[in-house]
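Have a look at the structure below before the remarks.
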Amino acid sequence: MAWVVGLTGGIGSGKTTVADRFAAKGIDIVDADVIAREVVKPGSQGLDAIVARFGALALNHDGSLARAWLRERVFSQPDDKQWLDDLLHPLIRTRMIQACADAQSQYCLLVVPLLVENNLMTLADRILVVDVDPATQITRTLARDQVSQQQVQAILAAQASRQQRLDVADDVIDNTHTEAELDRQVDALHHTYLTLATQANAGV
Ligand code: ATP
């Protein structure tokens, strides 16, 4: 069982950028977004349950999940949203725990965008928050994605607040500056995590 660092942050804060830096150091990454797609891939228990409830409307022609349709549906029907969360959250949680247990590196990085929102803090031995101010989140997301400022603002408002994330953090990366500055912080944290993981694995 690898020692687990949980990485979180709001939209456009730099989670992927940070995770890529740790991966380049040989650290295994477990990505909640990747797992969330795996649990509804064709042939999965998750997709079968969704089709049993919603019928073929929930499927694309190629048999994959019709994500846009389902998103609309759960947006307008709170009961369906609750049902879907009750179905998928335990599947995702179990797989994340398994993937962390399978990790081969000295510690593993569990990237969970909605760690705070879904109260998943106990999955990690240590919580790392990538922090930027909301204005920077909006600027960087608009530069990256084909979305409107209103859409980004709506997502930001639906997520945990900056302060709620900082309240659960053991460590914080300030990603408001250059990527070189980000590298310096990742290097220091990697060093700390190697030490902590070694101690934890030795039962200190
Ligand atoms: P999301 O939750 O929306 O998937 P994220 O938290 O994974 O986002 P990234 O995709 O890593 O965020 O970063 C958002 C954008 O900001 C990307 O285009 C990335 O290249 C850029 N970026 C990240 N860090 C910096 C930085 N220090 N300086 C400038 N641009 C940055």
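The values are calculated or read from the model by the stated rules, or taken from the named source; none is laboratory data. Note that the coordinates shown come from a computational prediction; the quantities given were computed from them, not determined experimentally. For neighbour counting, all protein chains shown are included, and Cβ atoms are generated from backbone atoms with ideal geometry for every residue, glycine included. Accessible surface areas use protein heavy atoms only, side chains included; no ligands, DNA or RNA. Shrake-Rupley method; radii C 1.70, N 1.55, O 1.52, S 1.80 Å.
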TODO: Based solely on C-alpha atoms, express the radius of gyration and the Dmax of the chain in angstrom.
DONE: 18.2, 54
TODO: Report the residue, chosen from 47, 114, 128, that carries the largest GNM mean-square fluctuation when the chain is represented by alpha-carbon nodes joined by springs under 10 Å.
DONE: 47
TODO: State in Å² the accessible area per residue of the chain; use a 1.4 Å probe, count heavy atoms of protein chains only, and round to the nearest integer.
DONE: 54 Å²
Task: Distance in nm between pseudo-label sites at residue 97 and residue 41 (7 Å out along the Cβ direction from Cα) - done: 2.2 nm
- [ ] Provide the descending list of Cα extents for region 34-104 along its principal axes, expressed in whole angstroms.
- [x] 40, 27, 18
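What dipole magnitude, in Debye to the nearest 20, does the chain give about its Cα centre under +1 on Lys/Arg Cβ and -1 on Asp/Glu Cβ?
Values: 18 positive and 26 negative charges, 67 e Å.
The dipole of the chain has a size of about 320 debye.
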Task: Length gained when the stretch residue 170-residue 121 is fully extended (0.36 nm per residue, less Cα-Cα span) - done: 16.5 nm
Open item on the list: Just to confirm my numbers, what's the Cα centroid distance between region 60-136 and region 33-56 in Å?
Closed with: 14 Å
- [ ] In a Gaussian network model over the chain where Cα atoms closer than 10 Å are linked, find which of 68, 158, 101 has the largest mean-square fluctuation.
- [x] 68
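Dipole size in debye (nearest 20) for region 102-204 around its Cα centre, Lys and Arg Cβ +1, Asp and Glu Cβ -1? Don't skip to the answer; put the middle values down first.
Details: 6 positive and 14 negative charges, 40 e Å.
Charge dipole of region 102-204: 200 debye, to the nearest 20.
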TODO: Give the carbon-plus-sulfur fraction of the accessible surface of region 34-104 in %, rounded to a whole number; probe 1.4 Å, heavy atoms of protein chains only.
DONE: 53 percent
